[in-house]
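Engineer: Below are the structure tokens for one structure; questions will follow.
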Amino acid sequence: MPTITRAGRARPQGSSFELAVWYLMRLTGLGLFVTALGHFLITHLLSDPSIQDVAWVSERWGSIAWRTVDWLMLTFVTFHAFMGMRVVVHDYTRGALKTVLTMALYLGALVIFALGTMVVATLPFPVA
């Protein structure tokens, strides 16, 4: 009998992959809450949005710490969103369509994550 959590979704009992995804969804949700809330507070409350332009972002991304935080947020968002969509696909489709849609989700997540990582990693540091 599956264990029902307070979130209402049963904890997987079978595959270790499903259990790992189940735990990682909770961890990335927590990480996403922290990084997205921090991002919102910094860009909308602590800094004046009217002065935020390319130079402001470039100056902020001059720090490897900010790049790391933004890359972590990208990682959390990508994993959480695409694995959540995977759950929906697995709940509502069967057979070959399920396989095709799951592979399309994995490919889409990989492309978006790779492009986001390239932007974070290759944006030039500002010249002092």
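The values are calculated or read from the model by the stated rules, or taken from the named source; none is laboratory data. Just so you know, these numbers come straight off a predicted model, no measurement behind them. Cβ atoms come from the backbone with ideal geometry, glycine included; neighbour counts cover every protein chain shown.
Per-residue answers, yes or no, for (1) within 15 Å of the chain's Cα centre (by Cα); (2) aliphatic (A, V, I, L, M):
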{"position": "A36", "(1), (2)": "yes, yes"}
{"position": "A55", "(1), (2)": "no, yes"}
{"position": "V87", "(1), (2)": "no, yes"}
{"position": "H90", "(1), (2)": "no, no"}
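Residues are listed down the side, and each one gets a yes or a no for (1) closer than 22 Å to M118 by Cβ; (2) assigned to a helix (DSSP H, G or I); (3) at pLDDT below 95:
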site	(1), (2), (3)
R6	no, no, yes
L19	no, yes, yes
T28	yes, yes, no
F33	no, yes, no
L37	no, yes, no
A55	yes, yes, yes
S58	yes, yes, yes
F82	yes, yes, no
M85	no, yes, no
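Engineer: Let me ask another. Identify, from the list T43, T35, T75, the residue that is free of Cβ contacts under 8 Å to residues at least 12 places away in the same chain and of a type in the set (S, T, Y).
Structural biologist: Result of the check over T43, T35, T75: T43.
Engineer: Determine whether R94 is basic (K, R), out of contact with any Ser or Thr (no Cβ under 8 Å at 6 or more places or on another chain) and in contact (Cβ under 8 Å) with a residue 40 or more places away in the chain.
Structural biologist: Criteria not met by R94.
Engineer: Looking at S47, S58 in this structure, which one is in contact with a Phe, Trp or Tyr (Cβ under 8 Å, 6 or more places away or on another chain) and surrounded by 13 or more Cβ atoms within 10 Å (Cβ to Cβ)?
Structural biologist: Of the residues listed, the single one that is in contact with a Phe, Trp or Tyr (Cβ under 8 Å, 6 or more places away or on another chain) and surrounded by 13 or more Cβ atoms within 10 Å (Cβ to Cβ) is S47.
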